[in-house]
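Asker: Got a structure for you, questions after.
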Amino acid sequence: MAEAGTISAGQYIQHHLEHLTLNLKTLSLGEGGGFWSLNLDTTIISLLIAIFIFGGLRLVAARMQEIPSKTQNFAEIIIDFVNGSVHEIFHHKTVFLPSLALTLFLWIFCMNAMDLLPVDFIPRIAGFFGMPYFKSVPTADPNTTFALSISVFLLIIFFNIKAKKHRLLKEMFTKPFGPYLFPINFVFRLVEECIKPLSLSLRLFGNMFAGELIFILIAIMPFWIQWAPGGIWAIFHILVITLQAFLFMMLTIIYISMAHDAH
């Protein structure tokens, strides 16, 4: 919550939208370095969440029992849900794709869920360690969402080449309008492929940035007012963060499935 008499509402919002950056050229905090700037807050939170997910699943796997515990039941429900979603769309034999889908869903969901923490909670803790800025929602940073989508894009290219080999060039130049309109076919195919990472990244970033901004706007309200809109928005936002993780996972499955199939 913004403290009256210290900073204005505009300054409060601006402060919470700033990243903790590291200039890779000078190795100094808080200095913009353009391309050579690393958002440390995004990197730290993303890595900690990845370690938490990997460690949690590893612990569940190590303690599997014939009579499952509640934690094991919960993990098996998520794994079965992801496997079912994959095999409904992807009809080829695969071990890699369910693992990729599970990783994307859990990682993105947990990164999104950081938005449910109180707006000032992590920034104030970071302030005790001399960090002037700290954004705690990695998916509200376009660098994260574009990194995820570009990784998926590279996988799409890999599976296109692996599944179709020389037929890929024929498909690119002859579909959908036939070989005589091959320039149009090729341009359409380029546009189609380039839209995939853009749509994946911008959809996730836009929804999470908007959600984060609304929480910040609620936080600048008087203390006795913010509970009602904050609670309502938090409940609605649980659906948003789950849906965005699910959509990213499903679109990844669909795009990789399209790479295996004919145009």
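Asker: Before we move on, is L106 of a type in the set (A, V, I, L, M, F, W, C), under 19 Å from H237 (Cβ atoms) and within 21 Å of the chain's Cα centre (by Cα)? Before you say what the answer is, go through the steps one by one.
Answerer: Numbers: of a type in the set (A, V, I, L, M, F, W, C): yes; under 19 Å from H237 (Cβ atoms): yes; within 21 Å of the chain's Cα centre (by Cα): yes.
Taking the combined requirement at face value, the residue satisfies it.
Asker: Given V86, V60, which one is of a type in the set (V, I, T), touching a residue at least 24 places away in the same chain (Cβ under 8 Å), on the phi < 0 side of the Ramachandran plot and in contact with a helix residue (DSSP H, G or I) (Cβ under 7 Å, 6 or more places away or on another chain)? So that I can check it myself, show each step before the final result.
Answerer: Values: V60 fails: touching a residue at least 24 places away in the same chain (Cβ under 8 Å).
Among V86, V60, only V86 is of a type in the set (V, I, T), touching a residue at least 24 places away in the same chain (Cβ under 8 Å), on the phi < 0 side of the Ramachandran plot and in contact with a helix residue (DSSP H, G or I) (Cβ under 7 Å, 6 or more places away or on another chain).
Asker: Would you pick out the residues in segment 19-32 that are modelled with pLDDT of 80 or more, of a type in the set (A, V, I, L, M) and part of a loop (DSSP other than H, G, I, E, B)?
Answerer: L20, L24
Asker: Sticking with this structure for a sec: Given T71, T43, which one is polar (S, T, N, Q), over 29 Å from I218 (Cα atoms), in a helix (DSSP H, G or I) and out of contact with any Ser or Thr (no Cβ under 7 Å at 6 or more places or on another chain)?
Answerer: Numbers: T43 fails: over 29 Å from I218 (Cα atoms).
Going through T71, T43 in turn, the sole match is T71.
Asker: So, one more: Quick check on segment 136-149. Is at least one of its residues part of a loop (DSSP other than H, G, I, E, B), crowded, with 17+ Cβ neighbours inside 10 Å and hydrophobic (A, V, I, L, M, F, W, C)? Before the answer, list the steps.
Answerer: We begin by selecting, within segment 136-149, every residue part of a loop (DSSP other than H, G, I, E, B); these are 136-137, 141.
Now drop any that are not crowded, with 17+ Cβ neighbours inside 10 Å, which leaves 136-137, 141.
So of that shortlist, the ones also hydrophobic (A, V, I, L, M, F, W, C) come out as 137.
Yes - at least one qualifying residue is present in segment 136-149.
Asker: Looking for something in a helix (DSSP H, G or I) and in contact with a Gly (Cβ under 7 Å, 6 or more places away or on another chain) - is there at least one such residue anywhere in segment 115-123?
Answerer: yes
Asker: Then there is this: What do you reckon, is E66 of a type in the set (D, E, K, R), outside any helix (DSSP H, G or I) and either over 23 Å from D115 (Cα atoms) or in contact with a His (Cβ under 8 Å, 6 or more places away or on another chain) (or both)?
Answerer: yes
Asker: Can I ask one more? State yes or no: is H16 touching an Asp or Glu at 6+ places or on another chain (Cβ under 9 Å) and closer than 30 Å to M258 by Cβ? First the steps, then the outcome.
Answerer: Details: touching an Asp or Glu at 6+ places or on another chain (Cβ under 9 Å): yes; closer than 30 Å to M258 by Cβ: no.
So H16 fails the test.
Asker: Quick one: would you say F35 is touching a residue at least 24 places away in the same chain (Cβ under 8 Å) and either in a loop (DSSP other than H, G, I, E, B) or loosely packed, with under 14 Cβ neighbours inside 10 Å (or both)? So that I can check it myself, show each step before the final result.
Answerer: Details: touching a residue at least 24 places away in the same chain (Cβ under 8 Å): no; either in a loop (DSSP other than H, G, I, E, B) or loosely packed, with under 14 Cβ neighbours inside 10 Å (or both): yes.
Here the answer is no, as F35 does not meet what is asked.
The values are calculated or read from the model by the stated rules, or taken from the named source; none is laboratory data. Remember, it's a predicted structure, so these values are computed and weren't measured experimentally. Note that each Cβ is placed from the backbone with ideal geometry, even for glycine, and that neighbours are counted across all protein chains shown.
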